[in-house]
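Have a look at the structure below, then the notes.
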Amino acid sequence: MNSEQLSELVVDALDDIKGLDVVRLDVREMTTVTDYMILASGTSSRHVQALVDNVAEKAKAAGHRPAGVEGEDSGEWVLLDLGDALVHVMLPKVREFYNLEKLWSLGRAGEAAATEQ
């Protein structure tokens, strides 16, 4: 499974349990850390955790063990590292405050880096 297929698996897993405002950012031209960043919002801390758990479960089933998970304690912003894809699941207020879509789109002047799913 290549990085694009992995990012599609993540988007599908988020959609499965009603992740909100799912956005996939192709950051291959901006960093060597990862190929895709996928962002989604959850309606509550419990929903955020359920979204991350579903993505991790689907990724493991496809042979991609998560390298790490951060932020599970608070549930406001959880980061799941799948290597070729970094998954950020946040509460809407946290997502609005940090505005990662805008931050990672700055590297591409005049070009849309985000793909809404």
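Miscellaneous remarks
- Among residues of segment 102-117 being of a type outside the set (Gly, Ala, Ser) and surrounded by fewer than 17 Cβ atoms within 10 Å (Cβ to Cβ), the one that is modelled with the lowest pLDDT is 111.
- Note on segment 10-31: residues that are assigned to a helix (DSSP H, G or I) and buried (at least 20 other Cβ atoms within 10 Å of the Cβ) amount to 4.
- Test result for residue 25, touching a strand residue (DSSP E or B) at 6+ places or on another chain (Cβ under 6 Å) and modelled with pLDDT under 95: yes
- Failed item, numbered, when residue 13 is tested on (1) at pLDDT 95 or above; (2) over 14 Å from the mean Cα position of the chain (by Cα): (2)
- Just one of the listed residues (53, 73, 81) is charged (D, E, K, R) and surrounded by 16 or more Cβ atoms within 10 Å (Cβ to Cβ), namely 53.
The values are calculated or read from the model by the stated rules, or taken from the named source; none is laboratory data. None of these values were measured; they are calculated from a predicted model. Methodologically, a virtual Cβ is constructed for each residue, glycine included, from the backbone with ideal geometry; neighbour enumeration extends over all protein chains shown.
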